[in-house]
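Encoded as structure tokens, the structure appears first; notes follow it.
The values are calculated or read from the model by the stated rules, or taken from the named source; none is laboratory data. Every value quoted in this text rests on a predicted model; they were computed, and no experiment measured them. All Cβ positions, even for glycine, are placed from backbone atoms using ideal geometry, and neighbour counts span all protein chains on display. Each accessible area value is taken on the protein alone, full model and side chains, heavy atoms only, with ligands, DNA and RNA left out. Shrake-Rupley method; radii C 1.70, N 1.55, O 1.52, S 1.80 Å.
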Amino acid sequence: MPFLCRHPARSALRLASGFLFLVLAFTAAIASGQDTARPAPRPVPSYAIVATDRLRIDVYQEEDLSVIASVDAKGTINLRLVGEVIVAGKTVPEAQKAIETAYREGRYLVTPQVTINIEEYAPREVSIDGMVRNPGRFPLPIESGITVADLVLKAGGLTDTARGSAVTVTRRGPDGKQTVFTVDVESLIKGKSSGKAADNAFLLQPGDIVFVPQRII
């Protein structure tokens, strides 16, 4: 009977290779878990409909009610049967619900299903004046928001004589009424603890007028 010779070195090498494989697999699993635990990117703010946006409005199984029209200066869209419905300032899902409610409450449709598509976006600009290095008009992205601090930085930043703690934003509503907001931009830019979360979350809308006053010396 032939003599079978074992190889201790070869067996040890196989055990070491298997152990190394387990270590690498465990490390990869941990790394994968760390990746999935990372915070998700901040969601992009939903687009709010503005005057002169051109909308395509379809009502399911009601072709005669479908229409393509622009949002008027009052922020409304004129629809068959229900007349004017306010859509400005609303997201697309909110506007769809508003139109569905109008048809339902008007007792024209029992379960209306409305779909809105934006065929053409209105020009989206804001302006900034006062104590910034490059005052002027700036475009707003379609699907993302810009804060007052973002706009100040786009305009070259505050001047040495700017009163950045009292930046004003003048906004005109669909009804023509003006509202003025005050934002402490200086604290936000410098990362001061006095910066308000509400100021950091305040997003500009098309037509907003930002003014940076001069500091009283």
**Message:** When you check Pro135 against the structure, is it within 30 Å of Val152 (Cα to Cα), at pLDDT 95 or above and open to solvent by 40 Å² or more (accessible area, probe 1.4 Å), yes or no?
**Reply:** yes
Of those in the stretch 87-98 that are open to solvent by less than 40 Å² (accessible area, probe 1.4 Å) and assigned to a loop (DSSP other than H, G, I, E, B), the residue modelled with the highest pLDDT is Val87
Listed by first then second residue, the pairs whose first member lies in the stretch 118-129 and is farther than 23 Å from Lys154 by Cα, whose partner is exposed (fewer than 13 other Cβ atoms within 10 Å of the Cβ), with beta carbons under 7 Å and at least 6 positions apart or on separate chains, are Glu119/Ile68
Report yes if Pro123 is out of contact with any helix residue (DSSP H, G or I) (no Cβ under 8 Å at 6 or more places or on another chain), modelled with pLDDT under 95, closer than 30 Å to Ser165 by Cα and not charged (D, E, K, R), otherwise no.
yes
If you go through Thr76, Thr115, the only one that is among the hydroxyl-bearing types (Ser, Thr, Tyr) and open to solvent by 40 Å² or more (accessible area, probe 1.4 Å) is Thr115
Every listed condition ((1) surrounded by 17 or more Cβ atoms within 10 Å (Cβ to Cβ); (2) out of contact with any Phe, Trp or Tyr (no Cβ under 7 Å at 6 or more places or on another chain)) holds for Glu84 save (1)
Filter the stretch 99-112 for residues that are of a type in the set (Val, Ile, Thr) and over 28 Å from the mean Cα position of the chain (by Cα); the one that is most open to solvent (accessible area, probe 1.4 Å) is Val110
